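All remarks here apply to the structure that follows.
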Amino acid sequence: MSEAKTQGRLALACVDLDKCVGSTLCVQIAADVFRLAGNGQSEAVCAGSCESVVNAAEACPNMAITVTDSQTGETLFP
Ligand code: SF4
């Protein structure tokens, strides 16, 4: 992803519950976007900066997070 291209833009995250193991890494990296739900798995509650959402997705040990640009719908990760 080009940082210049997405600077100042918002990204949407989608957590695949078949893959999420509740490691909480995404919550630690982007606490404004992710939270741990009652079932112990992560959920995305709002959009966030492209940089922080992609950083969280990259840190996920199970590749459970898909990230798209909220304006263009372009896939930013993976
Ligand atoms: S980093 Fe991945 S496995 Fe860990 S809570 Fe977030 S989505 Fe789930």
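Would you check if E74 is among the charged types (D, E, K, R), within 15 Å of the ligand (Cβ to nearest atom), at negative phi and surrounded by fewer than 19 Cβ atoms within 10 Å (Cβ to Cβ)? When the stated conditions are applied, E74 does not pass them. Scanning segment 31-78 for residues that are in contact with a strand residue (DSSP E or B) (Cβ under 6 Å, 6 or more places away or on another chain) and part of a helix (DSSP H, G or I) returns C50, V53, V54, A57. Taking segment 12-26 as the range and being closer than 12 Å to G40 by Cα and more than 6 Å from the ligand (Cβ to nearest atom) as the test, only L17 passes.
Read-outs throughout are calculated quantities, based only on the coordinates presented, and are distinct from any laboratory measurement. Everything numeric in this text was worked out from a predicted model, so none of it was measured. A quick note on method: Cβ atoms are made from the backbone with ideal geometry, for glycine too, and the neighbour counts reach across all protein chains shown.
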